[in-house]
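Below you'll find the structure, written out as structure tokens, and then a few comments.
The values are calculated or read from the model by the stated rules, or taken from the named source; none is laboratory data. Everything quoted here is computed from the prediction, not taken from an experiment. Every residue, glycine as well, gets a Cβ built from its backbone with ideal geometry; the counts of neighbours run over all protein chains shown. Heavy atoms of the whole protein, side chains included, go into the accessibility calculation; ligands, DNA and RNA do not. Shrake-Rupley method; radii C 1.70, N 1.55, O 1.52, S 1.80 Å.
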Amino acid sequence: MSSLKKFLKEKGYKKIPLTYTATKHLEVKAKINDIEGTFILDTGASSSCVGFEAVSHFNLLAEDSDIKAAGAGATNMMTQIAQKNIVEIKGWKKKKVDLVLFDLRHVNDALVKHKAEKVQGIIGADILKKGKAIIDYKSMNLFLK
């Protein structure tokens, strides 16, 4: 029987290495609009997000939004949206991706408190669904098609 890695490669998937943070979150490097950043991979986040403090880093055009964000111990947070961005993760690329922008300080404060590095955002279920994601926890790889 063929290995999962070989089988998925034959099906057109890209293999993307994951790392664990000190807090045991899955972390991945990704590019937004050709600019690299560090992201937490969060299957429970409905939308992919970027912190307000990284908006200029990724050259995002922020627009007001009526959506309120909640998660990771915070609720009812104000958001903005950045539409039609290019997201690339190790050779896998999607255009016209909308990103939610919100204050990630509470996430980064928790990471730093546990001696982990700060992140610029979160890769959520929207991108994972678009990429038909498969996470192989044993090999610490994400596969996207």
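What's the number of the only condition in (1) at pLDDT 95 or above; (2) farther than 20 Å from Lys129 by Cα; (3) charged (D, E, K, R) that Lys24 fails to meet?
With respect to (1) at pLDDT 95 or above; (2) farther than 20 Å from Lys129 by Cα; (3) charged (D, E, K, R), Lys24 is out only on (1).
Report every pair of residues separated by at least 6 positions or lying on different chains whose Cβ atoms are under 6 Å apart, first residue within the range 24-37 and in contact (Cβ under 8 Å) with a residue 40 or more places away in the chain, second open to solvent by less than 40 Å² (accessible area, probe 1.4 Å) and among the aromatic types (Phe, Trp, Tyr).
Partner pairs satisfying both residue conditions: Val28/Phe39; Ala30/Phe39; Ile32/Phe58; Asn33/Phe58.
Among the residues of the range 23-62, count how many are touching a Phe, Trp or Tyr at 6+ places or on another chain (Cβ under 9 Å), among the basic types (Lys, Arg) and in a loop (DSSP other than H, G, I, E, B).
Total meeting the criteria: 0.
So which residues in the range 86-145 are open to solvent by 10 Å² or more (accessible area, probe 1.4 Å), part of a strand (DSSP E or B) and aliphatic (A, V, I, L, M), if there are any at all?
Within the range 86-145, Ile86, Val100, Ile122, Ile134, Ile135 qualify.
Within the range 63-78, take every residue that is of a type in the set (A, V, I, L, M, F, W, C) and more than 20 Å from Lys118 (Cβ to Cβ) and give me the one that is modelled with the highest pLDDT. Talk me through it step by step, then tell me what you get.
Let us first name the residues in the range 63-78 that are of a type in the set (A, V, I, L, M, F, W, C), namely 67, 69-70, 72, 74, 77-78.
From the residues that got through so far, the ones that are more than 20 Å from Lys118 (Cβ to Cβ) too are 67, 70, 78.
Values: Ile67: 64, Ala70: 51, Met78: 83.
Checking each candidate, the answer is Met78.
Could you identify the single residue in Ala54, Ala30 that is modelled with pLDDT of 95 or more, surrounded by 14 or more Cβ atoms within 10 Å (Cβ to Cβ) and over 18 Å from Leu144 (Cα atoms)?
The unique qualifying residue is Ala54.
Using the structure shown, decide if Lys14 is farther than 13 Å from Leu144 by Cβ and open to solvent by 40 Å² or more (accessible area, probe 1.4 Å).
Against the criterion (farther than 13 Å from Leu144 by Cβ and open to solvent by 40 Å² or more (accessible area, probe 1.4 Å)), Lys14 does not qualify.
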